[in-house]
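K.L.:
Have a look at the structure that comes next, please.
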Amino acid sequence: MARRAVDVAKLLAAHRRYLTDLPTAVPPGIYLVHNHVRPAKRLGTSGFRAWLQTDAADPALEPCPCRWAPACGPHYRVAILAKSAA
């Protein structure tokens with residue numbers, strides 16, 4: 001999948017917006033998160049959504065071991081619903 005440049009600052013300024021493309025890099029202090037839906041290769045497919053956010057200490061998140069988007073480094077998933085998606 002080809003990745004387009006994502007303007008992280010603009011995205012975060014608009015609060016949380018769902019990504020339509022993966023970022024080429026996730027800057028320090030920014031966290032890549034996805035919902036409880038089983039990861040899909042294409043964002044938005046079958047309800048799979050991902051976004052960037054600034055707070056990884058959010059109690060609703062947990063580190064995700066699913067190997068989705070390995071080029072972006074570690075990422076998180078919604079913890080509250082993660083148990084049902086495992």
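The values are calculated or read from the model by the stated rules, or taken from the named source; none is laboratory data. Note that the structure is predicted; figures quoted are calculated from it, not measured. All Cβ positions, glycine included, derive from the backbone under ideal geometry; neighbour counts span all protein chains shown.
K.L.:
Can you tell me which residue is farthest from Ile30 (Cα to Cα) among those in region 61-71 that are modelled with pLDDT of 90 or more and buried (at least 16 other Cβ atoms within 10 Å of the Cβ)?
P.N.:
Out of the qualifying residues, it is Trp68.
K.L.:
Every residue in region 26-42 that is more than 14 Å from Arg77 (Cβ to Cβ) and either surrounded by 14 or more Cβ atoms within 10 Å (Cβ to Cβ) or without any contact (Cβ under 8 Å) to a residue 24 or more places away in the chain (or both), please.
P.N.:
Step one: list which residues in region 26-42 are more than 14 Å from Arg77 (Cβ to Cβ), which gives 26-30, 41-42.
Scanning region 26-42 gives Val26, Pro27, Pro28, Ile30.
K.L.:
So the check is Cβ under 6 Å with 6+ separation or different chains; which pairs have a first residue in region 59-80 that's within 21 Å of Asp21 (Cβ to Cβ) and a second one that's among the small types (Gly, Ala, Ser) and assigned to a loop (DSSP other than H, G, I, E, B)?
P.N.:
Pairs found: Val78/Ala60.
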